[in-house]
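One structure below.
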Ligand SMILES: NC(=O)C1=CN([C@@H]2O[C@H](COP(=O)(O)OP(=O)(O)OC[C@H]3O[C@@H](n4cnc5c(N)ncnc54)[C@H](O)[C@@H]3O)[C@@H](O)[C@H]2O)C=CC1
Ligand SMILES: O=C(O)[C@@H]1CCC=N1
């Protein structure tokens, strides 16, 4: 038995699906979706099959669960009769610990918890894996092989997953938010929206490539832009005056705390 079933074809389910299909085609991949319309849309878009949970578990070794944390318990009740140690269950549900998944599934079912992010859509994702109690190194290798075509993969102890979720899981949203605000600033200064967007998106891309490839600390890179008595230091003073650094730290701490909370309860 080979194959992969993606259970939950929403935003992240589709981001991962699209990358997997780009890399290896749609053969052997099925989607299980509560919404029949959405299932048909994904099947048409990616040339994959659709299935119900029983059919998916019968045909696929790996089940990738991509439903909301609030829906995970209901899904596990439905899934449990169909899975066992012969499967690998990979969950991307924010906050939900492997112990909660294992408790709802037959004893010995290997579970790997993953925190991916949406840049998987453009093969620049960041996926972070942790093994549950029945997942061996080979299961982590299998999960890594599944996710590495759509970006980078790291392994961490599960105790770090709520922090990972707050950083790289939610992280794309923070950058989109900053870009949105910077484009608004361009509008305030009288630039056409499309020009402001082009300037900021290319600047974000250039800064990201420098961060990745230069080996320099972000402080050094910022200092190189900040001329004495110049424009950048005038902007940095305003960022400090408005507490942007503290706001980002508080925001990411709030995301962490919400991940912990989602892991404890179904609401
Ligand atoms: N959106 C993101 O950037 C990321 C999301 N995640 C996690 O991925 C999961 C999904 O998040 P999104 O894709 O944003 O949500 P979403 O709401 O876009 O997608 C969830 C999908 O699951 C389907 N669904 C719900 N119950 C189902 C069931 N029993 N069987 C089959 N399909 C079912 C829904 O119809 C929906 O299409 C969440 O647990 C979230 O924490 C993790 C990393 C990043
Ligand atoms: O907002 C959320 O809960 C999900 C998990 C990480 C990114 N999106």
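The values are calculated or read from the model by the stated rules, or taken from the named source; none is laboratory data. The shown structure was predicted, so the numbers you read here are calculated from the model rather than taken from an experiment. When we count neighbours, we look across all protein chains shown, and the Cβ atoms used for this are built from the backbone with ideal geometry, even at glycine.
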Checklist entry - Taking residue 64, is it assigned to a strand (DSSP E or B) and within 16 Å of ligand 2 (Cβ to nearest atom)? => result yes
Item to check | Residues (within 16 Å of ligand 2 (Cβ to nearest atom) and under 14 Å from the mean Cα position of the chain (by Cα)) located in the stretch 136-167 | outcome: 147, 150, 151, 154, 161, 162, 163, 164, 165, 166, 167
Checklist entry - Yes or no: residue 36 free of Cβ contacts under 8 Å to residues at least 60 places away in the same chain, in the same structural domain as residue 125 (by TED's automatic domain parsing), within 13 Å of ligand 1 (Cβ to nearest atom) and within 24 Å of residue 86 (Cα to Cα)? => result no
Checklist entry - Hey, does the stretch 210-217 have a residue that's under 29 Å from residue 94 (Cβ atoms), away from ligand 2 (no atom under 16 Å from the Cβ) and within 20 Å of the chain's Cα centre (by Cα)? => result yes
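Does residue 193 satisfy the criteria of being surrounded by 11 or more Cβ atoms within 10 Å (Cβ to Cβ), farther than 21 Å from residue 119 by Cβ and more than 17 Å from the chain's Cα centre (by Cα)?
It is true that residue 193 is surrounded by 11 or more Cβ atoms within 10 Å (Cβ to Cβ), farther than 21 Å from residue 119 by Cβ and more than 17 Å from the chain's Cα centre (by Cα).
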Checklist entry - In this structure, does residue 215 turn out to be at pLDDT below 95, not assigned by TED's automatic domain parsing to the domain that holds residue 127 and not in a helix (DSSP H, G or I)? => result yes
Checklist entry - In the stretch 15-27, how many residues are surrounded by 23 or more Cβ atoms within 10 Å (Cβ to Cβ) and within 16 Å of ligand 2 (Cβ to nearest atom)? => result 1
Checklist outcome for this item: Sole miss for residue 184 among (1) assigned by TED's automatic domain parsing to the domain that holds residue 118; (2) away from ligand 1 (no atom under 14 Å from the Cβ); (3) at pLDDT 95 or above is condition (1)
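Tell me which residues, restricted to the stretch 147-172, are within 20 Å of residue 60 (Cβ to Cβ) and in contact with a helix residue (DSSP H, G or I) (Cβ under 7 Å, 6 or more places away or on another chain).
149, 150
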Checklist entry - Quick one: is residue 44 part of a helix (DSSP H, G or I) and either under 19 Å from residue 139 (Cα atoms) or more than 13 Å from ligand 1 (Cβ to nearest atom) (or both)? => result yes
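Quickly run through the stretch 104-127 and pick out the residues that are in a strand (DSSP E or B) and either touching a helix residue (DSSP H, G or I) at 6+ places or on another chain (Cβ under 6 Å) or outside the structural domain of residue 82 (by TED's automatic domain parsing) (or both).
Within the stretch 104-127, 111, 112, 113, 115, 125, 126, 127 meet the criteria.
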Checklist outcome for this item: Restricting attention to the stretch 168-194, the residues that are within 16 Å of ligand 2 (Cβ to nearest atom) and part of a helix (DSSP H, G or I) number exactly 9
Item to check | Residue within the stretch 77-84 that is touching a strand residue (DSSP E or B) at 6+ places or on another chain (Cβ under 9 Å), under 30 Å from residue 256 (Cβ atoms) and part of a helix (DSSP H, G or I) present | outcome: yes
Item to check | Unmet requirement for residue 146, which otherwise passes all of (1) more than 10 Å from ligand 1 (Cβ to nearest atom); (2) at pLDDT 95 or above; (3) crowded, with 21+ Cβ neighbours inside 10 Å; (4) outside any strand (DSSP E or B) | outcome: (2)
